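Below you'll find the structure, written out as structure tokens, and then a few comments.
The values are calculated or read from the model by the stated rules, or taken from the named source; none is laboratory data. These numbers come from a predicted model, not from an experiment. Here the Cβ positions follow ideal geometry from the backbone for every residue, glycine too, while neighbour counts run over all protein chains shown.
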Amino acid sequence: MTDFSWDIVIAGAGMAGASLAAELAPHASVLVLEAEETPGYHATGRSAAFWVESYGGPQVQPLTTASGPWLETHGFLRDRGGLNIGRADQLDALDRFEAEFAGSGVRLERWDRAMMEARVPGLRREWIEAVYEPDSKDIDVGAVHAHYLAQARGAGAQIRCRSALAAAERVHGGWQLTLADGSGLRAGVLVDAAGAWADEVARKAGLRPLGIQPLRRTMLQLRVVPAPADELPVVLDIGGSFYFKPENGRLWLSPHDETPSQPCDAAPEELDLALAIERFEGAVDWRVEQLEHKWAGLRSFAPDRLPIYGYDPREPGFFWFAGQGGFGIQTAPAAARFASQLLLDLPADAMTGALDAALYDPARFSWP
């Protein structure tokens, strides 16, 4: 223990904050501050809920791959498969996709039209080839988040909801924190796991923001005819204009939008809903009977679209755990373990030994 009320205070109780708290709590006194009434209200609670090793690119893939065994062992994954489909004008994109992950250990299979039709009945004829990822899976996001919250609490961490950080002042050896209700507390280290609000937390601590940009992503739940088979893979346009997957007899669909947004309680816009349905109808001949549910979430990216894990180069008492984009759920186990080792100066283990800290270090950005 330090002379402060808490060794470590984490801003944000979504998947990032909860998973990191669970890793840190056995080693230090930890408090997690959450502005909302419940943890995981924003991005965590609005995830499309799949684990795809290629998602996020080759420099994110090691985090996803390292997280897979933990998620599998704890029963949070279910077989799904991922099918990246392409038209005749997208064959080069399929080639690049395969080349990008050559030698990575990610299993990819090139499929022809007949193989695609066998898994996606009604696929329109212009989609002629695909790259299939047999190891792609569904994630039970709510169960993962609940597990980490319970693990953190069980190890002594406290999680305070309705407790937004209002200000952070550097004091000798730590931080004096002021909450929105005017109350105060002290901490040795302040961790920024605030998702879309990450740069805002940095500003409140008197630090330069890193340019973390929230991007709105729209999701729809549809009733379609025929109803999607449970064994349908996640179907993704290799050009990045849509993806869809089955969910309890319904279809979850996204237009793969990335609209810049201010940090907020994101809501879908009618144009994005219409685009999603139009693109879906251009992929398969299924009939959309009803739009049953719609939602949007914010996926927050650093300028280079890689996550940020590490102490701020100018302020060693401030630790970044942010910029985890749309891959924060599927990388959570390895990211949290890795960040806890960096934060506590602990050695790497079997899960994190192959990860390159320099890729995710905040010092990679220019600091004039």
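The numbered conditions (1) loosely packed, with under 15 Cβ neighbours inside 10 Å; (2) without any contact (Cβ under 8 Å) to a residue 40 or more places away in the chain are all true for T178 except (1). Residues that are out of contact with any strand residue (DSSP E or B) (no Cβ under 9 Å at 6 or more places or on another chain) and either surrounded by 17 or more Cβ atoms within 10 Å (Cβ to Cβ) or at pLDDT below 95 (or both) within segment 356-368 comprise S366, W367, P368, listed in sequence order.
Every residue, every condition in (1) assigned to a loop (DSSP other than H, G, I, E, B); (2) at negative phi; (3) touching a residue at least 40 places away in the same chain (Cβ under 8 Å), yes or no:
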{"site": "L185", "(1), (2), (3)": "no, yes, yes"}
{"site": "A198", "(1), (2), (3)": "no, yes, yes"}
{"site": "L210", "(1), (2), (3)": "yes, yes, yes"}
{"site": "P214", "(1), (2), (3)": "no, yes, yes"}
{"site": "S241", "(1), (2), (3)": "yes, yes, no"}
{"site": "L251", "(1), (2), (3)": "no, yes, no"}
{"site": "Q290", "(1), (2), (3)": "no, yes, yes"}
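Okay, residues lined up against (1) at pLDDT below 95; (2) buried (at least 19 other Cβ atoms within 10 Å of the Cβ); (3) part of a loop (DSSP other than H, G, I, E, B); (4) hydrophobic (A, V, I, L, M, F, W, C):
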site	(1), (2), (3), (4)
E23	no, yes, no, no
H27	no, no, yes, no
V32	no, yes, no, yes
P39	yes, yes, yes, no
H42	yes, yes, yes, no
G45	yes, no, no, no
A66	no, yes, no, yes
L71	no, yes, no, yes
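Please name all residue pairs, on different chains or six or more residues apart, with Cβ atoms under 8 Å, provided the first residue is in segment 323-339 and is on the phi > 0 side of the Ramachandran plot and the second residue is at pLDDT 95 or above and in a helix (DSSP H, G or I). Pairs that qualify, where the first residue is on the phi > 0 side of the Ramachandran plot and the partner is at pLDDT 95 or above and in a helix (DSSP H, G or I), are G323/A198.
Elements of the type helices (runs of 4 or more DSSP H) sitting completely within segment 73-177 and holding at least 1 residues that are in contact with a helix residue (DSSP H, G or I) (Cβ under 7 Å, 6 or more places away or on another chain) and among the β-branched types (V, I, T): these cover 141-154.
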